[in-house]
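A.B. asks: Once you've had a glance at the structure underneath, I'll fire off some questions.
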Amino acid sequence: MTSPESQPPAPQPAEPESKDRVYRSAPAIAGGVLLLAIAGWLGVDAVISGEGRTPWLALALLLLVVPLVVAFTLRPAVYAGDDRLRIRNPFRIVVVPWGQVASLRSAYSNEVLTESGAKYQLWAVPVSLRARKKAARREMRATAQARRDMGREGSRGGALGTTEGLRQGFSREPMSDGPVRAETDRIMDDLRGLHEARRQAESARGEVTVRWAYEVLAPAVAGAVLVLILVVLG
C-alpha cells in the first residue's frame, strides 16, 4: 500500500479559455448574400444560355466579382480577445496586441491607432451618421421626459407644503440606464473599455502583424486577367 504522501496529486481542472468577442455588420452580410444570389443567377443563366464567348466571359466575371463581394461584405470581422485585437478587413488580417494600441478613434470611420503611428480601419464596425442622429434624438426625448416627470413631482410636493415631493421628484430614476448610443458607438466603447483593462497586461505585449488575404486577391486578379484577355480577343 502506498502512503497518502506518496500518491500523485490530483490533476487540476483546466481553466476555461476566454473566447473572443466577435463584431460583424449584419446589414453588410445581408447585402452580400443578396449580391451573391443575383450574381450567381445572372452568371449561371449566361453560362447555360449564352453563345460564343459569353459563357467564358460570364465565368471570368464570376471569378472576379464573387471574391470581391465576399471580401467587402461577408469577410470583415473584428475579434477582441483578452490579449489582442484581430481585424479581418477585405484584403488584410491585422493583429494588434492591446499593449500596442494607442487609441480607438471614431469619426467618419472607426479606426485603431498603434503606438508606431499606423492606422487601421475597422471595416466590420462601420459608422452610421443616421444611427447617431437617431440615438441623439432618442436621448433628447428621454431627457425632456425625465425633466417633465421631475417637474410634476416637484409641483405636487410644493402643493402639499412639504419638501418630500421635491426630494422624490429630483431623485427619480431616468428613463434609460445611460446615454443612448448608436450600436457601432457602443461597440467602440466596449473595445475602449477592454483596451483600458488589458493594455498593461504582460500577455498583451507583442508586435503588430499584418497578413495579406491572398485567398481573396488571387482569384480576383485571375478573374480580372481573364476578363481582359476575353475583351481584347473580342
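Condition check ((1) at pLDDT 90 or above; (2) under 25 Å from the mean Cα position of the chain (by Cα)) across all residues:
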{"position": "2", "(1), (2)": "no, no"}
{"position": "11", "(1), (2)": "no, no"}
{"position": "34", "(1), (2)": "yes, yes"}
{"position": "39", "(1), (2)": "yes, no"}
{"position": "43", "(1), (2)": "yes, no"}
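A.B. asks: Loosely packed, with under 15 Cβ neighbours inside 10 Å and at negative phi, is that true of residue 69?
C.D. replies: So residue 69 fails the test.
A.B. asks: Is it true that residue 185 is in a helix (DSSP H, G or I), open to solvent by less than 70 Å² (accessible area, probe 1.4 Å) and without any contact (Cβ under 8 Å) to a residue 60 or more places away in the chain?
C.D. replies: Spelling it out, it is not the case that residue 185 is in a helix (DSSP H, G or I), open to solvent by less than 70 Å² (accessible area, probe 1.4 Å) and without any contact (Cβ under 8 Å) to a residue 60 or more places away in the chain.
A.B. asks: Just need a number here: residues in region 78-127 that are among the charged types (D, E, K, R) and touching a residue at least 24 places away in the same chain (Cβ under 8 Å).
C.D. replies: Adding up the residues that qualify gives 6.
The values are calculated or read from the model by the stated rules, or taken from the named source; none is laboratory data. What you are looking at is a predicted structure, and each value in this text was computed from that prediction instead of being measured. Neighbour counts are summed over all protein chains in view; Cβ atoms, including those assigned to glycine, are modelled from backbone coordinates with ideal geometry. Side chains are part of the model used for accessible areas, which takes the heavy atoms of the whole protein and leaves out ligands, DNA and RNA. Shrake-Rupley method; radii C 1.70, N 1.55, O 1.52, S 1.80 Å.
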